[in-house]
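The values are calculated or read from the model by the stated rules, or taken from the named source; none is laboratory data. All values derive from a computational prediction rather than experimental measurement. When the accessible area is computed, the model is the full protein with side chains, heavy atoms only, and any ligands, DNA or RNA have been set aside. Shrake-Rupley method; radii C 1.70, N 1.55, O 1.52, S 1.80 Å.
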Amino acid sequence: MTMKFIALATLTAALALPFGAVQAQTANNTTKKPAATTKAPAKKPAATQAKKPVAKRKVPAKTAKAVEAATPVESLSSRLSEKELAIADLIHTGKIQCELGADVTVKADEANRGFFHVTTGKRKYYMHPVESRTGALRMEDGRLGAMWLQLGNKSMLMDQRAGQRLADECATNEQRLIAEQMKANNTPGLLDDLKK
């Protein structure tokens, strides 16, 4: 009987131990309440509390263009109007020679009608047609701020942000013929000053 009593007492003590520890911890938590009545530290002046602006991470233009071209939410061509798609059909493609030995390559994007890869040297642009009031055929890369302007007798590549021409007097064989006809007939170009 004493063995049973010792085993039962040990078991009761073991079971009561966690319950007692919980009660002791709860008692400790309630006794700490008066410490919470101490005053909060004084607020710092507003000048030191101002938060630094969080720097926004910019997605590199190359990455953004690759994502847009490879996995668009909607077809890129569906973003263009019928007039813009009609302009795209008139854009000269291929390697186009420019003044000072420069050249510009214009290649249609086969996956997205109306979009073009335009390159000169190490610069690469992804352009689409934009309606123009002047009658010139115009394409733009809105992200990089570049513009391809195609006239009857010549084309040019411009950096709109820097306000400078990257390639000028670019002409296909067709444009050269028109330029020669304009000279023979003394016809001013679209961007030439009109003679008074």
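Under 5 Å between amide H atoms, partner at least 5 residues away or on a different chain: which partners does Ala146 have, H built in plane at 1.01 Å?
Asp141, Gln160
Got a sec to turn the phi values of the range 118-135 into Karplus ³J(HN,Hα) couplings, 6.51 cos²θ - 1.76 cosθ + 1.60 with θ = phi - 60°, whole Hz, x for Gly and Pro?
Karplus-based 3J(HN,Hα) across the range 118-135 equals 10, 10, 8, x, 8, 7, 10, 10, 10, 10, 9, x, 9, 5, 10, 7, 7, x Hz.
Could you state the accessible area per residue of the range 67-188 in Å², with a 1.4 Å probe and every protein chain left in place? Don't jump to the answer; show the numbers that get you there.
Values: 7140 Å² over 122 residues.
Accessible area per residue, the range 67-188: 59 Å².
Heads up, I need the accessible area for Lys83: 1.4 angstrom probe, whole protein in place, Å², nearest 10.
Its heavy atoms expose roughly 130 Å² to the probe.
Might you work out the accessible area of Val67 for me, using a 1.4 Å probe with all protein chains in place, and round it to the nearest 10 Å²?
80
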